[in-house]
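Asks: Got a structure for you, written out below as structure tokens; questions coming shortly.
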Amino acid sequence: MVGDWAADEGQLRDELPHEPLPPELLPAVMAASERGWFLAPEAPMWCFLPAVWPSAQRAWVPDRSLRVVRVRREGAAETVIPFSAWDFEEQEEFINQVLVSAGVPPRPFGRLWLLRPPQRFRDLSAVVDALDAGVDAEGVPAWCCPELVAWTRTRIRTWFVTTS
């Protein structure tokens with residue numbers, strides 16, 4: 001019979017979730033996280049962290065994730081739309097413009113950066129929280145700029161030297 005596409009026969013078992021995997025759920029990232037690595041923040045304010053992090057405490061894996069946009073409309077179910085190549089390129093271009101304006105070279109394409117925090121911190125979120133607190137307390141500009149990059153580089157190096 002031709003055109004019987006609705007039949008259940010022939011369905012392949014899919015072991016992966018129906019939703020695209022975000023970066024934190026990629027197998028390589030999950031394996032690294034078990035060894036004390038954390039995904040670097042994507043927030044524009046802290047997008048430069050891998051560039052100022054000590055190289056021995058910084059690593060990367062290929063970015064095989066699929067980014068999505070979640071669209072919510074009143075009275076309708078949430079729709080998940082995968083980023084198009086254009087969306088992803090636009091996001092990368094924006095981040096690279098932020099980096100260049102702060103005196104940091106553009107980031108290499110197609111990488112998810114992983115950072116190990118200094119020993120005094122339980123995870124990377126705690127590091128970012130401490131950096132945020134320092135920015136507020138010391139009057140450092142709270143946006144990605146040369147002053148924030150220099151201040152952060154010094155702070156990070158101090159934390160690693162005092163814990164080594």
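Asks: Work out, step by step, the length gained on full extension between residue 57 and residue 153: first 0.36 nm times the residue separation, then minus their alpha carbon distance; give nm to one decimal.
Replies: That pair, residue 57 and residue 153, stretches by 33.2 nm at full extension.
Asks: Ignoring GluC sites (Glu not before Pro) that are buried or in helix or strand per DSSP, and keeping those with at most 15 other beta carbon atoms within 10 Å, what is the longest stretch of the chain between them?
Replies: For GluC sites (Glu not before Pro) (loop position, at most 15 other Cβ atoms within 10 Å), the longest site-free span of the chain is 79-164.
Asks: Where does each of 120, 58 land when they are ranked from fewest to most other beta-carbon atoms within 10 angstrom?
Replies: 120, 58
Asks: Given 0.36 nm per residue, what is the gain on full extension from residue 35 to residue 162 after removing their alpha carbon distance, in nm?
Replies: Separation in residues times 0.36 nm, less the Cα-Cα distance, equals 43.5 nm.
Asks: Over its Cα atoms, what ratio of radius of gyration to 2.2 N^0.38 Å does the chain give?
Replies: 1.32
Asks: Quick one: 63, 87, fewest Cβ neighbours within 10 Å first, how do they rank?
Replies: Ranked by crowding around the Cβ, least crowded first: 87, 63.
Asks: Between beta-carbons, use under 15 Å as the cut-off and find the net charge around residue 125, counting Lys and Arg +1, Asp and Glu -1.
Replies: Charge balance in the 15 Å sphere: -2.
Asks: Another question about this same structure. Can you pull out the chymotrypsin sites (Phe, Trp or Tyr not before Pro) in segment 120-156 whose DSSP state is coil and whose Cβ has at most 10 other Cβ atoms within 10 Å?
Replies: Nothing satisfies the criteria.
Asks: Continuing with the same structure: Applying 1/(1 + (r/R0)^6) with R0 = 22 Å to the Cβ-Cβ distance of residue 94 and residue 136, what FRET efficiency is obtained, to the nearest 0.05?
Replies: E(calc), rounded to 0.05, equals 0.30.
Asks: Continuing with the same structure: Just add up the charged neighbours of residue 97: K/R +1, D/E -1, any other residue whose Cβ is under 12 Å from the Cβ of residue 97.
Replies: Summing Lys/Arg as +1 and Asp/Glu as -1 gives -2.
Asks: Please list, in order along segment 140-152, the HN-Hα scalar couplings obtained from phi with the Karplus expression 6.51 cos²θ - 1.76 cosθ + 1.60 (θ = phi - 60°), rounded to whole Hz, x for Gly and Pro.
Replies: 6, x, 9, 8, 5, 8, x, 5, 5, 4, 5, 4, 5
Asks: Would you list 29, 127 from fewest to most Cβ contacts within 10 Å?
Replies: Exposure proxy ranking, most exposed first: 29, 127.
Every number here is computed from the coordinates shown, using simple stated rules; none is lab data. Remember, predicted model here, so these are calculated numbers, not experimental data. Heads up, the Cβs are rebuilt from the backbone with ideal geometry, glycines too, and the neighbour counts pull from every protein chain shown.
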